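Taking it in order: structure first as structure tokens, then the write-up.
The values are calculated or read from the model by the stated rules, or taken from the named source; none is laboratory data. Worth saying up front: this structure is predicted, and the values here are computed from it rather than measured. Methodologically, a virtual Cβ is constructed for each residue, glycine included, from the backbone with ideal geometry; neighbour enumeration extends over all protein chains shown. These accessible areas exclude ligands, DNA and RNA; they are computed on the full protein's heavy atoms, side chains included. Shrake-Rupley method; radii C 1.70, N 1.55, O 1.52, S 1.80 Å.
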Amino acid sequence: GAAAVVVPAKRQEPWRFTRLDDFWRCPAASRPVAGAAAVSADDVAAWLPANDAEPVVVVVDGAVDADLSRHLGFFDDGRAWCGSVADAPAEVLRDAGPVHVALPEVVREENMPLRTSLGAGCWTALNAACAKDAVVVWRQADAAALAAADAARADDAGDFASTDSPEYRVHVVHVRSADAGAAHARTVVICGDGANVAVRESFVGVGAAALLEEGTALTNARTNANIGEGAAFRHVLDAQEAGQVHLHHVAAVAARDGAFFSRALADAPASARVCVDVDVAGPGGFFDFAGVQLGSTKQRLDLRTALTHSAPDGASVQDIRNVASDAARLVFKGRIDVPQLGQRTNADQICRSLVLDDGASVDAMPSLEIVADDVKCTHGATVADLDEERIFYLESRGLSRADARALLIKAFCFELVQKTEDMVPAASLARLEQKLRTFEEREKSKAAAPGRFSSI
């Protein structure tokens, strides 16, 4: 009930490192933006995939726009479907469940200490109450692919084997054009047994909404995924509205031998908090996470992961990269729980951070909570400036110190970006390049000012 929803406060552990003022100062309800015009195909063209055959769901101010979207409805001979929940057929709704009613995040938080929760309950409940529409992506089970993967695992003595089912790609573009204040986005993904699904979500402001005063627009997004036995799901969060406030909760449950590949890029919002909550609920499940945060000026970027290996023989790998300059503050807090049932779990978590200026800061907090006694788990974090030996090597090859530092920063970030570059649209890649250019320009300006050195 409503009494179970805990309102975030700084005294609570999930919110201790988050500047809540950024969220509370945004108007609670959406309001029209003066001078807003209808969204055209040209406004979203840069966010579309290069392959015209891939489905695109364009959500304008909270509602699916069928005219701007493409390939909605059934796809691939009726084995896949995407579109608005209002248009979803009975078989899709049966698998999706009560899209707006089910609140697994709230139920889960009722049964765990607040110190270990992500604090998602209040925001997901608000999303369920206020979302105008929901995007549903459904992929039917692929029995043949599941059987082939099971056979491959049997031949390889239980090693992980990914499904060979064709990947069903869907690109979801959330567009703000006419509303300031709070917007609530909702995406539900159902990946049947043995299926292979990829979903990319981008959040952009166009027209008058792109010119809003910084911090006056809040996006409260929620993505839920059910990953069937032997299935694979890839989720990419590649863009948030520039200069605004973004809050996103991703929750996924992976069944036996299911795999979840999650990618999160954050570089544009004034303040952002992305939480990824995963339960590897079936034996042999796999979770792969890569996150990149690039902060400058006074940006506040916050990335959280909560992983539970609640079944045996699971594996996971998490790799997070942070770059902070100027007066930016970046946060990563990751938790891996391995209860008694999670025997023979193999889990790795590493957070690497670059602090380029004395005024910037990074709070990195990886953690493990292990009850099972037969596991192999590691976690770690590094916070430093660039390696002087690598800088010297590039200088010895003719690069200036500023150019060497800029090249190393780009390599540090794009090592992870390249893992999902095939799903990232041209607009996002251009935005990341621009962000890296600001780092490069700042490095050159520091090089031109004698006596300025980082204390890191």
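Placing unit charges on the Cβ atoms of the charged side chains and taking the dipole of region 30-76 about its Cα centre, the candidate lying farthest along the positive direction among VAL56, GLY73, ALA37 is ALA37. Pairs of Lys residues in the chain that lie 8 or more places apart, or on two chains, and have C-alpha atoms under 28 angstrom apart add up to 19. Here the peptides 293-303, 221-231 are ranked by packing, the mean other Cβ count within 10 Å, and the order with the highest first is 221-231, 293-303. At 1.4 Å probe size, with the rest of the protein present, what percent of the exposed accessible area of the chain is carbon and sulfur atoms? Ligands and nucleic acids excluded, carbon and sulfur reach 54 percent. With no solvent and one point per C-alpha, what does the Debye sum give as log10 I(q)/I(0) for region 229-269 at q = 0.18, 0.25, 0.34 Å⁻¹? Values returned for q = 0.18, 0.25, 0.34 Å⁻¹ are -0.59, -0.84, -1.17. Once the Cβ-Cβ distance of ALA430 and ALA37 is raised to the sixth power relative to R0 = 25 Å, the FRET efficiency obtained is 0.60. Over region 333-394, accessible surface divided per residue gives 51 Å², non-protein components excluded, 1.4 Å probe.
Debye-formula intensities of region 303-450, expressed as log10 I(q)/I(0) at q = 0.22 Å⁻¹, are -1.32 (one equal scatterer per alpha-carbon, no solvent). Taking the Cα centre of region 370-456 as origin and assigning +1 to Lys and Arg Cβ atoms and -1 to Asp and Glu Cβ atoms, the resulting dipole is close to 460 debye.
The H on the amide N of ALA364, modeled in the peptide plane, is under 5 Å from the matching H of PHE332, each at least 5 residues off or on a different chain. Both the radius of gyration and Dmax for region 205-294 are 15.4, 49 Å, in that order, over alpha-carbon atoms. Sorted from greatest to least, the principal axis extents spanned by the alpha carbons of region 262-333 come out as 45, 15, 15 Å. Averaged over its residues, region 174-240 has an accessible area of 19 Å² per residue, based on protein heavy atoms and a 1.4 Å probe. When peptides 143-151, 316-324 are sorted by average Cβ neighbour count within 10 Å, with the highest value leading, the order is 316-324, 143-151. Just need log10 I(q)/I(0) for the chain at q = 0.10 Å⁻¹, Debye formula, equal scatterers on the alpha-carbon atoms, no solvent, rounded to two decimals. Those come out to -0.72, one per q.
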